[in-house]
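Since the structure comes first, as structure tokens, the remarks are kept for the end.
The values are calculated or read from the model by the stated rules, or taken from the named source; none is laboratory data. These numbers come from a predicted model, not from an experiment. All Cβ positions, glycine included, derive from the backbone under ideal geometry; neighbour counts span all protein chains shown.
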Amino acid sequence: MFKKILIANRGEIALRIIRTCREMGIRTVAVYSTADRESLHVKFADEAVCIGPPPSRQSYLNIPAIISAAEVTGADAIHPGYGFLSENAEFSRICHEYGIKFIGATADQINSMGDKATAKATMKNSGVPVIPGSEGLIDTVEEAKILAKEIKYPVIIKATAGGGGRGMRIIRHEDEFEKLWDDAKTESAAAFANDGLYMEKYVEEPRHIEIQIVGDQFGTVCHLSERDCSIQRRHQKLCEETPSPALSPELRERMGTAAVKGAAAIKYEGAGTIEFLLDKNGDFYFMEMNTRIQVEHPITEEVTDFDLIKEQIKVAAGIPISGKNYFPKLFALECRINAEDPANGFRPSPGKITNLHLPGGHGIRIDSHVYSGYTIPPNYDSMIAKVIATGQSREEVLLRMKRALQEFVIEGIKTTIPFHIKLMDDERFKSGNFTTAFMEGFDLSNL
Ligand code: MV4
């Protein structure tokens, strides 16, 4: 087992990783930018190294500084958390070259899933259902128009280097094709230095269902069922739940099996997520694979009683998994609390937390790095806490979440708490019958 792990991240996920390391008897090294001197991850780790000034490029994305910090502290592994360098193939490869175990996917796995057209082809070849569309990239707009006629409008153009909604265009009529095609090309060239595009039939109002998987170094892959992430705004998830109100045990089994098949085909090691679109007929299709631990992993932990960070560390150390799948024994919901003003277009609201009281009690878990007197720097992601409610039924969980959100006191900044309280009272949300279009019809006034 590793003796010392460097955590190449900040905020709540850095704390989350430190906690599991403590329980496993593994020493921890925090890295921090000068904006994070007073952060809890710095205080909770056994050692801490400053890696640069506030901008991410010069600190949490600064590969030479992070490798140096691992070298001087003698860390034998690096956990990248989510975001930052977690899906950076170059970083994974450099760690490997320096003899430091990267607790995440290999460079090859990151590359093969990072290129979306390649990822789709790989999944299709391994028998995972994919959305009808182009075979790989499309060279010319003429070719694209012919294909769109064949698969019938509406279609969606996606950037192969994109993901998470960037570089996409929905095309509903042939007369807008050339403009939207050019927009997508220009945008992806500027954003990713890669203008490769592919096309799919557009699925109207799907649900976003993702399957958590874990693979070991011996080719064994298991799944831990799904998370429903349909409540999103501009591709930012707001809350996630498991089990999905839309899945029967039979569909869960089929989606889980498909995810395992796809991950096994690339000999996936570590924790990963296979994202699917679920359409109104109950058909599901591979969308993307995330080769990292995700923000919403705690809901899976709560309903399966399985520590995903511990499992990531174990498989990285070469310990085999059992191969058995995990199914939800309880219900869980996560609300992401962001330092944003939901009544003002979710505009960031950094600043000093002048007073804080975190909720607690039965069935409530809080993953957060903030404390009373802490100043949220403007340089990073605005998520400041995750409230996770667990219970015996979906109804109980929604009532428990509302109770916890009402207990939450945070002064000095605006947060998304009022939005989540309103969400818990929303009839559509309560019914469980919603899609990724849910937020388009949500009234954000009176928050
Ligand atoms: C789609 C789609 C409908 N049809 N692909 C959004 C993010 C990226 N992962 C892919 N996305 C979508 N791809 C086809 N063929 C609808 C979306 C989509 C979406 C997906 C999941 C969650 C929220 C979403 C919001 C808008 C669009």
> Given the residues 437, 385, which is the only one that is within 16 Å of the ligand (Cβ to nearest atom), under 20 Å from the mean Cα position of the chain (by Cα), among the hydrophobic types (A, V, I, L, M, F, W, C) and in the same structural domain as residue 342 (by TED's automatic domain parsing)?
Replying inline: 437
> Is it the case that some residue within segment 357-369 is surrounded by fewer than 21 Cβ atoms within 10 Å (Cβ to Cβ) and either at pLDDT below 95 or out of contact with any strand residue (DSSP E or B) (no Cβ under 9 Å at 6 or more places or on another chain) (or both)?
Replying inline: yes
> Which pairs do you get when a residue that is closer than 10 Å to residue 202 by Cα, found in segment 132-155, comes within reach of a residue that is acidic (Asp, Glu), reach meaning Cβ atoms under 6 angstrom, with the pair 6+ apart or on two chains?
Replying inline: 133/200
>> For the structure I just gave you, tell me whether residue 117 is modelled with pLDDT of 95 or more, in a helix (DSSP H, G or I) and in contact with a Leu (Cβ under 6 Å, 6 or more places away or on another chain).
In response: yes
> If you go through segment 136-159 one residue at a time, do you hit one that is within 13 Å of the ligand (Cβ to nearest atom), within 27 Å of residue 268 (Cα to Cα) and crowded, with 21+ Cβ neighbours inside 10 Å?
Replying inline: yes
> Can you name the residue in segment 235-255 that is among the charged types (D, E, K, R) and outside any helix (DSSP H, G or I) and, of all such residues, is farthest from the chain's Cα centre (by Cα)?
Replying inline: 241
> Would a scan of segment 66-73 turn up a residue that is crowded, with 20+ Cβ neighbours inside 10 Å, closer than 19 Å to residue 271 by Cβ and not hydroxyl-bearing (Ser, Thr, Tyr)?
Replying inline: no
> Across segment 300-353, what is the total count of residues that are over 28 Å from residue 416 (Cβ atoms), in contact with a strand residue (DSSP E or B) (Cβ under 6 Å, 6 or more places away or on another chain) and of a type in the set (Ser, Thr, Tyr)?
Replying inline: 1
> What residue, among those in segment 190-223 that are among the small types (Gly, Ala, Ser) and out of contact with any strand residue (DSSP E or B) (no Cβ under 9 Å at 6 or more places or on another chain), is surrounded by the fewest Cβ atoms within 10 Å (Cβ to Cβ)?
Replying inline: 193
> Taking segment 36-51 on its own, how many of its residues are crowded, with 20+ Cβ neighbours inside 10 Å, under 19 Å from residue 83 (Cβ atoms) and not hydroxyl-bearing (Ser, Thr, Tyr)?
Replying inline: 5
> What are the residues in segment 185-226 that are in contact with a Ser or Thr (Cβ under 6 Å, 6 or more places away or on another chain) and away from the ligand (no atom under 16 Å from the Cβ), if any?
Replying inline: 195, 212, 224
> Is there any pair linking a residue in segment 98-112 that is part of a strand (DSSP E or B) to one that is among the β-branched types (Val, Ile, Thr), with Cβ under 7 Å and at least six apart or on different chains, and which?
Replying inline: 102/78
>> If I go through segment 154-200 residue by residue, how many of them are more than 23 Å from residue 276 (Cβ to Cβ) and assigned to a loop (DSSP other than H, G, I, E, B)?
In response: 5
> Looking at segment 227-238, is at least one residue in contact (Cβ under 8 Å) with a residue 24 or more places away in the chain, touching an Asp or Glu at 6+ places or on another chain (Cβ under 7 Å), among the basic types (Lys, Arg) and more than 16 Å from the ligand (Cβ to nearest atom)?
Replying inline: no
> When segment 24-41 is examined, which residues are found to be of a type in the set (A, V, I, L, M, F, W, C) and in contact with a strand residue (DSSP E or B) (Cβ under 7 Å, 6 or more places away or on another chain)?
Replying inline: 26, 29, 30, 31
> Restricting the search to segment 216-246, which residues are more than 29 Å from residue 315 (Cα to Cα) and not polar (S, T, N, Q)?
Replying inline: 231, 233, 234, 235, 238, 245, 246
> Condition test on residue 246, is it more than 10 Å from the ligand (Cβ to nearest atom) and on the phi < 0 side of the Ramachandran plot?
Replying inline: yes
> Within segment 7-86, which helices (runs of 4 or more DSSP H) (wholly inside it) include 1 or more residues that are acidic (Asp, Glu)?
Replying inline: 11-24, 63-73
>> Checking the condition of a type in the set (Gly, Ala, Ser), closer than 18 Å to residue 316 by Cβ and touching a Pro at 6+ places or on another chain (Cβ under 6 Å), which residue from 104, 99, 74, 81 passes?
In response: 104
>> Looking only at residues that are more than 16 Å from the ligand (Cβ to nearest atom) and in a loop (DSSP other than H, G, I, E, B) in segment 256-312, which one is surrounded by the fewest Cβ atoms within 10 Å (Cβ to Cβ)?
In response: 305
